[in-house]
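The values are calculated or read from the model by the stated rules, or taken from the named source; none is laboratory data. Computed from a predicted structure; not experimentally measured. Here the Cβ is made from the backbone with ideal geometry for all residues, glycine too, and neighbour counts use every protein chain on show.
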Amino acid sequence: MTRVAARPARILVVEDDPAGRELLEHVLGEDGYTVESEGDGAEAWRRLETEPTRFAVVLLDWELPHLDGLALLERIKAASALEAIPVIFQTARTDRDSVLAAVAAGAAYFVPKPIDRELLRTVVAAATADHGRSLALQETVQRGEAAASTLVAGDFRVRTIAEATALATLLSRACPDPERTLVGFSELLINGVEHGNLGITYQEKSALLAAQGWAEEVERRLASPDHRDKRVVVHFERDDERIVVTITDCGPGFDWQRFLTISPDRIFHAHGRGIAMANLMSFDRLEYVAPGNRVIATVDLA
């Protein structure tokens, strides 16, 4: 089935095998993306350095001449002009050490080799949407409200994804490194809305993303009498040593331990990495309280 991307985006494919590169260009081109490609990691890096805002997503192979995929990923994430670009690893490696190395370097998405066309489409659509949200969030943070840094304590309630995103922006502005915490707050608050309050299960989200029906289902459930009065409750507190944010949703909780790290058996899923990325990159500590509908995020100040 051919799907047209909601927001046509430019994708850089980095693949040294000509046949594999041609297949990726064909599949993604069918979905309305503009696809450009390189067969060499070093050449891809030069292109990204020269045009850092050109691409919305980078899809790269692990094994590349002159500069392998992991080294290229590390360079992308170390460059302030490029670090927000989602990188999708195309790989046959599923061992724990390889997965952890890629995640530590900044990989958020994986697709298997040989290619699964429908999974590729779903993952690229998710990465493209995340890139758009990330740019919008960063823009609001950079516009900034200096007053947020003076926030000492506060209680907030959010119902919708839009409200969760807006509050994530405010909370990140109150932290010493807003861009570090922004994605983490966004992931935790959106999880509270979609999974906690609205009851969208992991399996349901997988199916909704594959069918491109996630946003519509969220809106349908928000309007439902079963869910329309539910709120995610957020408490913010700052002292001289730390900022502590407690997020509580109305759900029954979940097995959070499985999601604090990225498991090899889920690396090829289109979602399910947000909590792990928040734990690894956004906060100094992330602690869930049983049964899992409350999470405490801590940012150290001293």
message: Restricting to the range 174-189, count the residues that are part of a helix (DSSP H, G or I) and buried (at least 20 other Cβ atoms within 10 Å of the Cβ).
response: 10
- request: Just one of (1) surrounded by fewer than 22 Cβ atoms within 10 Å (Cβ to Cβ); (2) in contact with a Gly (Cβ under 6 Å, 6 or more places away or on another chain); (3) of a type outside the set (Ser, Thr, Tyr) trips up residue 78, so point out which.
  value: (2)
Every pair of residues 6+ apart whose Cβ atoms lie under 9 Å, when the first sits in the range 148-174 and is over 23 Å from residue 200 (Cα atoms) and in the same structural domain as residue 246 (by TED's automatic domain parsing) while the second is among the basic types (Lys, Arg) and not in a helix (DSSP H, G or I): 151/238; 152/238; 153/238; 174/238
statement: For residue 171, the lone unmet condition from (1) assigned to a strand (DSSP E or B); (2) surrounded by 21 or more Cβ atoms within 10 Å (Cβ to Cβ) is (1)
message: Are there strands (runs of 3 or more DSSP E) fully within the range 1-89 with at least 1 residues that are among the basic types (Lys, Arg)? List them.
response: 10-14
